[in-house]
1. Testing ASN431 on (1) within 12 Å of ligand 1 (Cβ to nearest atom); (2) touching a residue at least 24 places away in the same chain (Cβ under 8 Å), one condition comes back false. Which one is that?
2. Pick from region 304-331 the residues that are without any contact (Cβ under 8 Å) to a residue 24 or more places away in the chain and more than 15 Å from ALA271 (Cα to Cα): which of them is farthest from the chain's Cα centre (by Cα)?
3. Any idea which of (1) within 15 Å of ligand 2 (Cβ to nearest atom); (2) at pLDDT 70 or above is the one MET523 doesn't satisfy?
4. Six or more apart or on different chains, Cβ under 7 Å: which pairs go from a residue in region 412-424 that's within 16 Å of LEU468 (Cα to Cα) to one that's of a type in the set (D, E, K, R)? Could you list them?
5. Checking the structure you have, find out if any residue of region 500-514 is within 15 Å of ligand 2 (Cβ to nearest atom) and open to solvent by 20 Å² or more (accessible area, probe 1.4 Å).
6. Got at least one residue in region 150-167 being within 25 Å of ARG188 (Cα to Cα), of a type in the set (Ser, Thr, Tyr) and out of contact with any Ser or Thr (no Cβ under 6 Å at 6 or more places or on another chain)?
7. Can you tell me which of TYR278, TYR261 is crowded, with 19+ Cβ neighbours inside 10 Å, of a type outside the set (D, E, K, R) and touching a residue at least 12 places away in the same chain (Cβ under 8 Å)?
8. What do you reckon, is ILE420 part of a strand (DSSP E or B) and surrounded by 21 or more Cβ atoms within 10 Å (Cβ to Cβ)?
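The values are calculated or read from the model by the stated rules, or taken from the named source; none is laboratory data. Quick caveat, the model's predicted, so the values are computed rather than measured. Heads up, the Cβs are rebuilt from the backbone with ideal geometry, glycines too, and the neighbour counts pull from every protein chain shown. The accessibility values were calculated without ligands, DNA or RNA, using every heavy atom of the protein model including side chains. Shrake-Rupley method; radii C 1.70, N 1.55, O 1.52, S 1.80 Å.
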Amino acid sequence: MWNYNYVLPSLLVLVIILFYYFSRPRLPLRLNKTFLGILLLDIFTIITDYLSSRACERYAELSVATVNVLNMAFFICFLTRIYWFYLFSVDALKIYYAKPRWKGVVSGVPILFAEAVALSSFFTGAVFTVDAAGYHRGPWYFLLPVCSFLYIFQAFVLIIRNRKRLSPFEIGSLMGYNTILAIGNLVRILMPKYLIMNTFCLLAILVIYLSFENPDLYTSDRGTAFNMRAFQDMLNEMGQKKPYRILGMVLRDYNDERGIYGGAQMDQGIALISQYLYKQYPECLVFYLRSGCFTLLGPENLDCGRIRGEIEERFEKPWNASDADLYLTPAFVEVGAEVSKESVDRVVNTLLIALDSAGKADEGHAGQERSDIIQAIDQQMETKRSLEHALEMDEVEVFLQPLYDVKNKRIIAAEALARIRDMNGKLIPPNLFIPIAEKNGHINLLGEQVFRKTCRFIRDHVIEDLGLAWVNVNLSPIQCMRSDLPQRFSAILREYGVPADMIHLEITEASIIDYSLLQKQVMSLRKEGFQFALDDYGSGYSNLTRVKHYPFINVKLDMEVVWDYFRERDTLLPTLVQAFRQMDVTITAEGIETAEMAEALAALGCDYLQGYYYSRPIPMDDFVAKYGKKAVS
Ligand code: C2E
Ligand code: MG
Ligand code: MG
């Protein structure tokens with residue numbers, strides 16, 4: 001009566017998938033549990049389908065109750081499988097984490113209703129009846145195909161609505177398996193005697209397996225560890241539920257070690273380490289993220305200290321790859337409960353930056369507590385936010401620090417120094433935000449804001465009354481590389497009616513990277529009337545002859561050079577001063593903190609002095625209040 005040709009092959013393929021599924025590492029993700037549910041439900045459905053069909057054929061040899069129970073089991077499995085296929089689309093689209101739970105419950109109502117009706121068939125004969133004449137479909141049998149199409153339709157709606165959440169390939173796969181199920185249901189209606197629906201379900205399972213559940217998608221190719229994608233998925237899911245703790249481990253100087261031992265050996269080493277971690281710490285999930293970076297993801301109370309100790313001890317012995325003993329050193333980063341509530345991107349970024357810097361840290365830092373790094377990164381992110389906010393709201397502040405003229409014994413100029421504030425209104429020093437601004441390109445905006453505000457200050461005050469003959473503005477190397485810089489600055493000068501020679505631009509030696517471009521820029525800015533000072537001389541790769549090729553009118557000796565001189569009175573500083581004097585550039589000494597320093601540097605021949613001894617950098621208003629009446633500090 002029924003055609004069973006498809007039953008056994010389908011069952012065998014399912015068993016093979018199950019075998020593979022269980023023999024490889026799996027993440028305890030909701031999605032994976034749903035998939036396992038589908039596999040088991042499919043097996044039960046195939047078996048009950050087969051048995052109930054056989055029972056219907058041989059009803060005469062069996063009791064009515066047996067035929068009833070077998071059919072009932074089939075209907076329940078069949079209906080539940082429909083729902084589980086639907087749930088897989090929901091889980092893959094990560095819908096339930098964002099939406100309220102009741103929606104999940106509501107989505108189960110049709111299937112529960114259908115199952116209740118099926119169960120009631122014992123008494124009502126709604127879906128089927130079994131009597132002495134055998135099995136008969138009931139008036140409510142239509143619930144089965146209706147439920148199937150209802151859930152497939154609902155799955156399509158969700159997939160289309162949430163299509164941005166996954167890659168086109170994954171969306172295509174979700175659509176694909178639901179289409180296969182829809183076709184299977186149609187075929188089942190058209191050819192009810194072929195038990196072919198199970199085969200279509202199997203095809204759907206294959207699509208799911210290949211596009212979502214294949215262990216290779218989640219494991220690193222270097223061993224038994226899970227990969228970055230698995231790590232992100234797991235954090236995504238855990239973050240919604242419970243706090244966790246991460247112990248990150250990086251092989252120090254990974255790239256150098258890879259160069260020394262060779263790629264193949266190193267890969268073996270990575271596999272050995274993954275296996276070791278996997279066996280040693282079953283309470284954790286082990287991930288291999290990239291370039292020598294591992295993470296152990298465990299419960300909130302994970303004893304990272306103990307684990308670190310044990311791992312360090314193991315690393316004292318070599319890892320035996322086939323042709324070489326690998327001697328490697330680990331460094332660690334801990335990420336605790338405090339970041340559990342952060343976004344996954346942020347946790348992963350923080351961890352990777354921390355691991356990178358831990359991996360490069362010099363010997364003295366090996367094994368050192370890394371929470372300081374995490375803190376530094378947190379601070380960096382906070383600084384970045386404050387910087388963006390300040391730039392957007394035009395809230396970059398400009399502080400002024402006076403320059404003292406040795407010859408005339410009075411304040412002659414000031415340096416404009418950028419300041420921003422954090423969310424609590426606390427000042428953030430430039431050495432924190434300038435490097436960030438330089439990295440992400442905001443430095444151009446920042447520099448322009450400082451320049452504009454300095455010009456406005458000059459326009460709004462009679463700066464001669466403040467004792468100022470000019471104001472120094474710092475120019476970042478990145479700004480120097482912008483070809484439209486001269487035009488932009490000149491436009492601002494014109495806007496505020498400020499003569500160009502009122503501004504001295506400070507550039508650092510490090511900025512002299514692309515010499516020809518810089519020379520071009522400096523020349524065009526000089527044509528516009530700007531003057532140049534060389535900042536922080538002596539802090540980098542100082543090159544005296546290079547100074548000659550640029551039209552600097554002033555060289556600022558870096559405060560380290562100045563302080564060195566007071567630690568040990570060698571001839572470097574006096575020699576430098578002499579050399580610059582011969583080159584006809586004026587000299588400013590930075591970092592003057594005491595009267596003794598001021599006197600000594602004046603005696604050596606410095607023209608200008610700058611430092612806390614005269615004044616710290618202060619807000620423009622304070623500067624006006626302090627020096628307003630040509631007061632000499
Ligand atoms: P810089 O241009 O060398 O500025 C001098 C730095 O030395 C200032 O630090 C100043 O506060 C500090 N300083 C001055 N006298 C003393 C002293 O007696 N003792 C000590 N310990 N420090 C002293 P600040 O304001 O923190 O700025 C640091 C650096 O940030 C500046 O070094 C400059 O390179 C950069 N910067 C500041 N504002 C800007 C800006 O608007 N654009 C660019 N591109 N860089 C800026
Ligand atoms: Mg400067
Ligand atoms: Mg300086």
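1. (2)
2. Here the residue is LYS317.
3. (1)
4. Close Cβ pairs satisfying both conditions: ILE412/ASP405.
5. yes
6. Yes; the residues of region 150-167 include at least one that is within 25 Å of ARG188 (Cα to Cα), of a type in the set (Ser, Thr, Tyr) and out of contact with any Ser or Thr (no Cβ under 6 Å at 6 or more places or on another chain).
7. Result of the check over TYR278, TYR261: TYR261.
8. Yes: the conditions hold for ILE420.
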